[in-house]
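The structure appears right after this line, and notes come after that.
Where a number appears in this text, it was derived from the coordinates with a stated rule and is not lab data. Keep in mind it's a predicted model, so treat the numbers as computed, not measured. Backbone-built Cβ (ideal geometry, glycine too); neighbour counts: all protein chains shown.
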């Protein structure tokens, strides 16, 4: 069980949306994390300063939150490393192959009412729900 | 300048991920577990992010250009192809296995959980392979 946190989740979501708006205002780009992360990898096209800064900012966030709140950031991750390697390969390959992930399609694309992003979001939600159902209730 | 802008926006987005609870795979997996210990919090994350991005994009895209770039770079494609659907499905399966998508994984890599440390390099490898294959198909 995890605690239902509508207020914190709504506020955190609004911050994510604000970051997407600011990236569009400043750089004219979609805040898609899979696209940003993949631009860190060779072959480098169009400069690495932006993606590098963005990912370093992301990675600093839990420490900033811990400094501000004085409370540790909770994270429960599977310790099955083979499972996490498989999950990482699928997430990395799938997000680049499908041109986006939760941020690019799920937030920015839907906010732009993009048909491709609506379809992608419906597909990855359905695939995620089906996977959890199989893992927890069929095989589990 | 590009580096600093991206650093600040990445920090903001990462803070949103942490505050919203999306950086905790347990919450993500419980959101996807509609037949079990369902935690609807992530619907509020997405709702908050999409509402802010929808309103913000309308304001920002009314400008002739972004502040630090010549033009807005928006995806132009409208067609739904097999690649989009396959990529989103693979991404969703990986998301359902590990409870991590690219933003939360990169945002929490510094917390040092073994599962995240296994996930991130695998994700980057998956992205690299997908980009190589996509280049081989003559796009991007």
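Roughly how crowded by other chains is peptide A:106-117, in terms of the mean Cβ count from those chains within 10 Å of each of its Cβ atoms?
Numbers: counts 5, 10, 7, 3, 5, 10, 7, 2, 4, 4, 9, 3.
For this peptide, the per-residue mean of nearby foreign Cβ atoms is 6.
Using a 10 angstrom cutoff on alpha carbons, build the Gaussian network for chain A and name the most mobile of A:25, A:81, A:113.
Evaluated over chain A, the most mobile residue of the options is A:81.
With springs only between Cα atoms under 10 Å, which of A:85, A:21, A:73 fluctuates most in a Gaussian network model of chain A?
Evaluated over chain A, the most mobile residue of the options is A:73.
Give me a single rounded figure for B:27-39: the average over its residues of other chain Cβ atoms within 10 Å of their Cβ. All intermediate terms of the calculation are to be shown ahead of the outcome.
Details: counts 8, 4, 8, 6, 6, 11, 7, 3, 5, 6, 3, 3, 6.
Mean inter-chain Cβ contacts per residue within 10 Å come to 6.
What FRET efficiency, computed as 1/(1 + (r/R0)^6) with R0 = 41 Å and r the Cβ-Cβ distance, is obtained for residue B:129 and residue B:65, rounded to the nearest 0.05? Numbers along the way, then the final one.
Working: r = 35 Å, r/R0 = 0.85.
The formula returns an efficiency of 0.70 here.
With just the Cα atoms of the stretch A:77-140, tell me how far they stretch along each of the three principal axes, in Å, largest first.
38, 22, 18 Å, listed from the longest principal axis down.
What is the log10 of I(q)/I(0) for the stretch A:1-136, computed with the Debye formula using one identical point scatterer on each Cα and no solvent, at q = 0.14, 0.15, 0.19, 0.22 Å⁻¹?
Scattering profile of the stretch A:1-136, log10 relative to I(0): -0.84, -0.98, -1.53, -1.61.
Take every Cα pair under 8 Å in chain B that's 6+ residues apart, average their separations, divide by the length, and report that relative contact order as a whole percent. All intermediate terms of the calculation are to be shown ahead of the outcome.
Details: 68 pairs, mean separation 36.7, N = 140.
Dividing the mean separation by the residue count of chain B yields 26 percent.
If each DSSP helix of 4+ residues adds -39,500 (n - 2.57) and the sum is divided by the residues in the protein assembly as shown, what number results at 222 nm, nearest 500 deg cm²/dmol? Walk me through the numbers on the way to the answer.
Working: 11 runs with 178 residues, N = 280.
Result for the protein assembly as shown, helices only: -21000 deg cm²/dmol.
Mind checking B:51-64 for the average number of partner chain beta-carbons within 10 Å of each residue's beta-carbon? List each step's numbers first, then the result.
Numbers: counts 5, 11, 18, 8, 3, 9, 10, 3, 3, 8, 5, 0, 3, 0.
Neighbouring Cβ atoms belonging to other protein chains average 6 per residue here.
Test of understanding: in a Gaussian network model of chain A with alpha carbons linked when under 10 Å, which of A:76, A:127, A:111 would top the mean-square fluctuation ranking?
Greatest mean-square fluctuation among the candidates belongs to A:76.
For residue A:3 and residue A:49, compute 0.36 nm times the residue count separating them, minus their Cα-Cα distance, and round to one decimal in nm. Could the numbers behind the result be given before it?
Details: separation 46, 0.36 × 46 = 16.56 nm, distance 3.81 nm.
Gain on stretching residue A:3 to residue A:49: 12.7 nm.
Modelling each spin label as a point 7 Å along the Cα-to-Cβ direction, I'd like the residue B:34/residue A:68 distance in nm, to one decimal.
3.3 nm
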